[in-house]
Amino acid sequence: MISFLFSHIRSHIFRSVSMIFVSWVCISILYFLFFCYINVVWVITYYNHSIVNEKRFTISGDSNFFTIFSKNSPGLPKSLVTDLENSAMVEKVQSFSLVELPVLAKFSLFSFGLETDIPVFSVSDSALTGALVPVGLSRSMIDFYNLQFAGSSAMFPQITPSFLMGQSVIITVGASKIFPSLPQVATSITGSIVTIGDDFPGFGIVVPESIIRAKMEEVWYSLGNPYKVVAYAKNTADLDIIRTKYSSYSIKLDRDSIKEFEKKVLLIRSIFVGIAVFMAGIFILFFLFLLFAFFRERRDVFRMVYIFGLTGIRARLLTLSEPIFLFISGSVAGTLGIMMWIWWIIKIGNQELLARGVSYQLILLNDLDILSIYLLFTIIFVILILVIETIWRKKSLMR
């Protein structure tokens with residue numbers, strides 16, 4: 001039986017190699033698409049859930065990107081902030097106001113002493129403590145820097161939160177390198193970075209409101225109304241009450257982001273399933289074409305089995321052993337090959353992510369995922385082989 005199998009494979013080497021190649025490519029594509037899917041979902045999960053808190057909500061005025069940076073922006077009333085601070089349902093109230101003046105900041109964390117214009121936001125004094133002049137940065141800004149700039153030059157090293165803590169920042173309100181400075185510039189203050197926060201604006205630095213207000217008074221300006229308030233509900237059950245109470249403002253709950261995330265995952269899943277079905281369909285059609293060609297050539301075997309009255313598993317092996325053997329050879333080779341390739345991608349990719357200061361890592365398919373995909377793939381193709389073999393068996397006996 002075995003010698004008969006290998007002699008027939010050698011006599012039809014091109015078709016045999018084609019069947020191995022089709023099954024190898026098809027299962028490799030399925031594994032790779034699933035690998036991409038789980039890592040895309042993991043990245044989205046990392047960037048969504050790492051900064052999402054179910055109790056947090058944000059209230060902003062009726063403004064967009066342009067009105068926030070306009071001196072005509074009305075912002076939020078101070079009474080709203082006071083009402084939130086006195087509410088029994090709310091805690092950790094942080095109000096943010098943009099300093100609508102040029103501000104120059106010199107950072108000590110770079111070897112060349114970077115001095116640049118930067119947006120500065122004031123925040124409630126209670127949100128920043130731990131230094132005479134505490135300074136806060138947003139986590140998203142650090143992630144953006146590490147992804148886009150870190151490692152591009154020796155002057156731009158990778159930045160970690162532990163490295164930033166305690167670094168000094170010299171802030172001068174009214175001075176600028178890009179825009180005209182004010183006629184009167186406030187005295188410089190030296191602050192220390194004490195917090196990397198998820199609540200802070202995505203770009204710029206954050207300084208306590210009392211310090212910013214004093215510096216703006218030095219140059220005869222006043223701090224405007226808050227443009228955004230970030231707060232936390234003491235109980236998640238109170239969030240619907242809070243939403244209703246402040247419905248006249250633009251209010252966003254973090255838990256809504258979780259629902260949006262679930263919709264994104266469903267969309268991504270649909271896209272990857274569609275791609276997998278399309279790609280698999282192409283190779284399945286080609287595999288069916290090869291199967292039809294194979295069984296058409298085995299019509300004499302079908303007649304011989306019928307004439308001699310052969311039944312049982314040995315009779316079926318005469319016609320089924322070769323396509324099943326070729327399929328299993330290709331699928332096993334594809335599984336081993338793609339797993340080694342994915343392992344190499346993860347190794348190189350994780351090294352690059354670590355070099356850029358990105359804390360998330362690519363993940364490998366677990367044993368259950370590999371086994372599930374292989375079993376599903378095998379069942380589908382074995383069923384196809386059995387169906388085509390049955391069709392040609394009946395056709396051959398009818399002639």
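Give the residue that is surrounded by the most Cβ atoms within 10 Å (Cβ to Cβ), with candidates limited to residues of the stretch 121-139 that are among the polar types (S, T, N, Q) and part of a strand (DSSP E or B).
SER122
Matching residues to (1) over 15 Å from SER95 (Cα atoms); (2) of a type outside the set (A, V, I, L, M, F, W, C); (3) modelled with pLDDT of 80 or more:
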position	(1), (2), (3)
VAL120	no, no, yes
ALA127	no, no, yes
GLN148	yes, yes, no
MET165	yes, no, yes
VAL173	yes, no, yes
PHE203	yes, no, yes
LYS215	yes, yes, yes
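Within the stretch 379-393, can one find any residue that is closer than 22 Å to THR45 by Cα and basic (Lys, Arg)? No, the stretch 379-393 has no match at all.
The rows are residues; the columns are (1) among the hydrophobic types (A, V, I, L, M, F, W, C); (2) at pLDDT 80 or above.
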position	(1), (2)
ALA237	yes, yes
VAL273	yes, yes
PHE294	yes, no
ARG298	no, no
VAL301	yes, no
PHE325	yes, yes
GLY330	no, yes
MET339	yes, yes
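Counting the residues of the stretch 241-274 that are more than 15 Å from VAL229 (Cβ to Cβ) and among the aromatic types (Phe, Trp, Tyr) gives 2. In summary, helices (runs of 4 or more DSSP H) completely within the stretch 1-100 and bearing 2 or more residues that are of a type outside the set (Lys, Arg) and either in the same structural domain as ALA276 (by TED's automatic domain parsing) or modelled with pLDDT under 65 (or both) occur at 2-11, 13-49, 65-68. Only one of the numbered conditions (1) touching a helix residue (DSSP H, G or I) at 6+ places or on another chain (Cβ under 6 Å); (2) surrounded by 14 or more Cβ atoms within 10 Å (Cβ to Cβ); (3) modelled with pLDDT under 90 is violated by THR195, and that is (1).
Residue by residue through the stretch 212-252, note down the ones that are within 24 Å of ILE189 (Cβ to Cβ), in a loop (DSSP other than H, G, I, E, B) and not β-branched (Val, Ile, Thr).
Initially, the stretch 212-252 is screened for residues within 24 Å of ILE189 (Cβ to Cβ), giving 212-228.
The next check asks that each one be in a loop (DSSP other than H, G, I, E, B); those that pass are 219-227.
Within the stretch 212-252, TRP220, TYR221, SER222, LEU223, GLY224, ASN225, PRO226, TYR227 meet the criteria.
The values are calculated or read from the model by the stated rules, or taken from the named source; none is laboratory data. It should be emphasised that the depicted structure is a prediction, and the values quoted were computed from it without experimental measurement. All Cβ positions, glycine included, derive from the backbone under ideal geometry; neighbour counts span all protein chains shown.
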